[in-house]
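The values are calculated or read from the model by the stated rules, or taken from the named source; none is laboratory data. Computed from a predicted structure; not experimentally measured. Here the Cβ positions follow ideal geometry from the backbone for every residue, glycine too, while neighbour counts run over all protein chains shown.
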Amino acid sequence: METKNLLISVILILISFVSCSDDSKYEYYELATPVMISFDELRKSVDILPPKEIKESGKIYYYNKYIFVNDKNKGIHIINNSNPENPLKVSFLKIPGNVDISVKNNILYADSFIDLLVFDISDINNIKLANRLKDVFPYNYVFPQNADAVNWQKLNTQNSVVVDWVITREKREIIENELVYMDTALELASNEGPTEGRGGSLARFKIINSYLYAVDSHSIHIFDIKDLDHPNKLESVYAGFDIETIFNRNQYLFLGSMSGMFIYDISKPETPQFLSEFIHGTACDPVVVDENYAYITLRSGNACGAFESSLQIVDITDIINPVLIKSYKMDGPYGLGLKNEKLFICDGDSGLKVYDKTDVNNMVLLNHFKNINTFDVIPLESHLLMIGKDVLQQYSYENDAIKLISTFNLN
């Protein structure tokens, strides 16, 4: 009995001690710890692997009946699309730090953090790394948005790169200015032909004739690819802040940024010349262009800013003086594409929207495919490719009607 009473007393003392502690001095937060590999490990880790599940679907590219789907910062899933009704996975091209690709004459160019890789894909079942240009891109990385703070002691980018983040829930005594929160440090920065592939509106890579243009947040990087296996890095052109996408029409480059659209003349392809700009409120914004208009989707929220989500149509008949003529409200748009008189808009969780743009001031909604998350599209001659969250869908253009012909699970 005495032992039992003693035990109860000890428990009561412990409870009293805990209850008297000042919890207001502590806080819980999500801590992001980087997973890092050295530059040497990075450059040795490129590999051709059997098909595997996708972790996070990114951008999409089409070339010679094959679809290339980026797995963000991990590599490229290759899909045989000879039969759009029954796509088949072929392999996974492991490329740490990969976000974008472009293809010409069976030569595939891909970024790998700071390097540009050159692959020979003439035999899709025996892909070979033909060349690597080291240190041609600045090293930028984005902190995970679902974290509150970064484990700075583990972040060393002098001789290594971040390949992933591990998020843990931590409790720490509140000390003013000890943590750097994510809302103030979200990011550290720094025309289809028979021989070329085609990317979506969210692409940062674009091949035009004998040149590869690649944009990062501040610059246009230019590569002379007359010798396809041995690209020659030319002098980069400073293009502003928060550049996100690149699109080409005739002799012009259209760059989408978080603050607006910038237009460059590439009549002299080695040295793009700034022509004009269209400025809007802060938002994420890819752009596509036809003969007379630029179509820009603006997405608000998170790191994209507080600007209202919308589609903005800009008159570019006077290329020096682009003018906004119409705006349509959207829910949360990402990529978009053009096919003749049709405009395809990936409106995030609100699905795929198809408009008749014959009269841009009074566009008609032709189709609305709901209950699917949408990210980007590539309008091909025969059909439309659409990538969403872990899914690839294809649509036909039969008799001016848009019809779903296949759904392919990327997992």
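Here's a check for you: in segment 33-54, which residue that is in a strand (DSSP E or B) and of a type in the set (A, V, I, L, M) is modelled with the lowest pLDDT? The residue in question is Ile37. Considering segment 116-172, the residues that are modelled with pLDDT under 75 and closer than 18 Å to Asp216 by Cβ include one that is surrounded by the fewest Cβ atoms within 10 Å (Cβ to Cβ), namely Thr157.
Take the residues in segment 237-267 that are part of a loop (DSSP other than H, G, I, E, B) and over 21 Å from the mean Cα position of the chain (by Cα); name whichever of them is farthest from Tyr295 (Cα to Cα). Applying the filter and picking the extreme gives Ser267. Among the residues of segment 384-399, the ones that are under 20 Å from the mean Cα position of the chain (by Cα) and either surrounded by fewer than 19 Cβ atoms within 10 Å (Cβ to Cβ) or basic (Lys, Arg) (or both) come to 3 in all. Yes or no: Asp111 under 22 Å from Gly337 (Cα atoms), in contact with a Phe, Trp or Tyr (Cβ under 8 Å, 6 or more places away or on another chain), buried (at least 20 other Cβ atoms within 10 Å of the Cβ) and charged (D, E, K, R)? It is false that Asp111 is under 22 Å from Gly337 (Cα atoms), in contact with a Phe, Trp or Tyr (Cβ under 8 Å, 6 or more places away or on another chain), buried (at least 20 other Cβ atoms within 10 Å of the Cβ) and charged (D, E, K, R). Which residues, counting only those in segment 183-229, are acidic (Asp, Glu) and either outside any strand (DSSP E or B) or at pLDDT 85 or above (or both)? Asp183, Glu192, Asp216, Asp224, Asp227, Asp229, listed by residue number. Within segment 259-280, the set of residues being modelled with pLDDT under 90 and either farther than 24 Å from Lys357 by Cβ or surrounded by 15 or more Cβ atoms within 10 Å (Cβ to Cβ) (or both) comprises Ser259, Gly260, His280.
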